Amino acid sequence: MRALPNRVIAAFILLCLPYLALGIWLERTKGLQSEAAFVASVVLLMCATALAARTWRRFFLLQFPLLLLGAAFAAYTLSFDARPGKSIALVLATSSWAEFQGFFGIWQGKRMLLAALSLALLYLLLAVRSPSRPMFSGGNKYLYWGLVSAVILPSAYAAQNAVAFVEGVAANPVIGTAMFVAGPLRDANASVDGRAIRKLPYGASRVDQDEEVHILVIGESARRDSWSVYGYQRETTPKLEKLRGETIFFQHAVADANLTIYAVPILLTGIAPSRFDMKAITGSLVDLAEEAGYSTTWLMNQDPHISLLTGIHADRMAFPPISTVVEANLPLDETLLPGLQHEIERRGKSRFIGLHMFGSHWEYALRYPAAFKHFGSGTELSHLSFLSGQPDPRVLDAYDNSVTYTDWFLGQVIDQARTLSVPATVTYISDHGEDLLMLDGRAGHGTHAYSKHQFDIPAFVWVNAAYRQVHPAKVQAMTQNAAKEVRSHNVFYSLADLMGIQWPGASPAQSFASTSFIPDLSPQVIAGGALISRVE
């Protein structure tokens, strides 16, 4: 039997690396029986591929997509200490191409992509140069019985514990991915399509039937400490600073989650993090407003799946063309302003208008026009600046410029609302915050660990003179509650309170527009899809 060439051995080692990593993880987290089941499933899969390929070259080429799958499966499992499940399924079902490409635009993502491409190219080079001679020749009975034993003996050992056996087999990237697609991903897609939400009536009505207009603006990736209206040294929010007399700024607003797919549903349903589950959703703020007699509008400059996931179906809905979502070419947030103007100019019926903006989401420099390059030299960011992993002041400049553009956008929204003679409010809250490498030593959001700036967010309510005159008690209550901690799930009850909606499930203690408001000081938040306790 001829010795195998070094390139065959090298290719086989590369092929086994993801499996080796998963095997070590299994032994550490699930035990030896799970590891044994995993080994048996991997050997069986390789044997099946070898029988189909028959030659070394075809074997390695057939294994190439499985190598990529295994590497991705192992990277996720080791990073989050769990196999792909519900959390990543919701991310995949609701994320746009813009968000996926945005991840690979930050330096961590670029490093990961570079490592994956390097591994893939090296493996392909070795695979193509592998010999085309048969893998099995000469009827080597020792090899045959060795492979049979490598399947039967570990399987028999693992089968003594059914749970351990299933855990081990499910850690096989091919089998685990099939289980993921048929289970969590299917359920997540059903949620996005609205098939998973069984809506129940609230039994809502309005205290007063006079015409009013209420606007909710949901921001994106806005950290409170980067807004000058909250004390940031750079003048990033000059327009809002001029509105202090008309606006109640909440000094301690805290996001309930650091991922949009959790934060927005919580905000629109009032379900606290400790109780939150997509299956628990039976309605939203939009449904509540419709029941109470409001005309509803939902305008999005976001992937629409996030709203659909929450069951949002307003009287009028608008979102960017799917092509712009797929091509990672979402327009600037000002694209929402004409639709808002149209709804404001309608008369005769109370209106609830929601705006879901893209705000300060990565890639920051794409979130504002050239006229808003107030900070920095304006030089373009390079790929090397991210690959280095070193803080780059241009990233901070771009983020602050995006905040300045958000400030302008919110000023435009308020200016449009100011034209109304009927009582009107504009409520703004960001879905979550953002870490900046230059300031925090880490970047982005959605991590599984608590990070202050991913949760500390800006929030305010602007009220016009007509609303102050008709509802002075609510304005006074918000002013008194401005220094208290408010959470994302308080928005549902507070907006309903501002709109004068009553229903059996109303909770004044959860409304910052009520003198009965009691801050929810629970330490529990959702970080990266998992319920954790914040640690200051």
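Of note:
- Taking region 455-485 as the range and being β-branched (Val, Ile, Thr) and assigned to a helix (DSSP H, G or I) as the test, the residues that pass are Val470, Val475, Thr479.
- Pick from region 486-533, criterion assigned to a loop (DSSP other than H, G, I, E, B) and either among the aliphatic types (A, V, I, L, M) or in the same structural domain as Ala82 (by TED's automatic domain parsing) (or both), ranking: surrounded by the fewest Cβ atoms within 10 Å (Cβ to Cβ): Leu521
- Number of residues in region 411-424 that are farther than 16 Å from His356 by Cα and either in contact with a strand residue (DSSP E or B) (Cβ under 7 Å, 6 or more places away or on another chain) or in a loop (DSSP other than H, G, I, E, B) (or both): the value is 7.
- Considering the conditions (1) modelled with pLDDT under 95; (2) not in a helix (DSSP H, G or I), Met438 is excluded by exactly one of them, (2).
- Residue in region 181-198 that is assigned by TED's automatic domain parsing to the domain that holds Tyr428, farther than 25 Å from Ser284 by Cβ and not small (Gly, Ala, Ser) present: no
- For His313, the criteria (1) under 26 Å from Asp208 (Cα atoms); (2) at pLDDT 90 or above hold in every case but one, which is (2).
- Qualifying residue in region 434-457 (condition: under 26 Å from Gln416 (Cα atoms) and crowded, with 16+ Cβ neighbours inside 10 Å): yes
- Residues (within 23 Å of Phe276 (Cα to Cα) and touching a helix residue (DSSP H, G or I) at 6+ places or on another chain (Cβ under 7 Å)) located in region 472-496: Ser488, His489, Asn490, Val491, Phe492, Tyr493, Leu495, Ala496
- Of note, Ser421 does not satisfy the criterion of being in contact (Cβ under 8 Å) with a residue 12 or more places away in the chain, closer than 28 Å to Asp520 by Cβ and of a type in the set (Ser, Thr, Tyr).
- Flag for Thr94 being in contact with an Asp or Glu (Cβ under 7 Å, 6 or more places away or on another chain), of a type outside the set (A, V, I, L, M, F, W, C) and modelled with pLDDT under 90: yes
- Region 401-418: number of residues that are among the acidic types (Asp, Glu) and touching a residue at least 40 places away in the same chain (Cβ under 8 Å): 1
- Across region 370-392, the number of residues qualifying as assigned to a helix (DSSP H, G or I) and either at pLDDT 90 or above or under 25 Å from Ile344 (Cβ atoms) (or both) comes to 3.
- Every test in (1) under 23 Å from Leu340 (Cα atoms); (2) modelled with pLDDT under 95; (3) buried (at least 17 other Cβ atoms within 10 Å of the Cβ) is passed by Leu216 save one, and that test is (2).
The values are calculated or read from the model by the stated rules, or taken from the named source; none is laboratory data. Small disclaimer: the values here were computed from a predicted structure and weren't measured. Backbone-built Cβ (ideal geometry, glycine too); neighbour counts: all protein chains shown.
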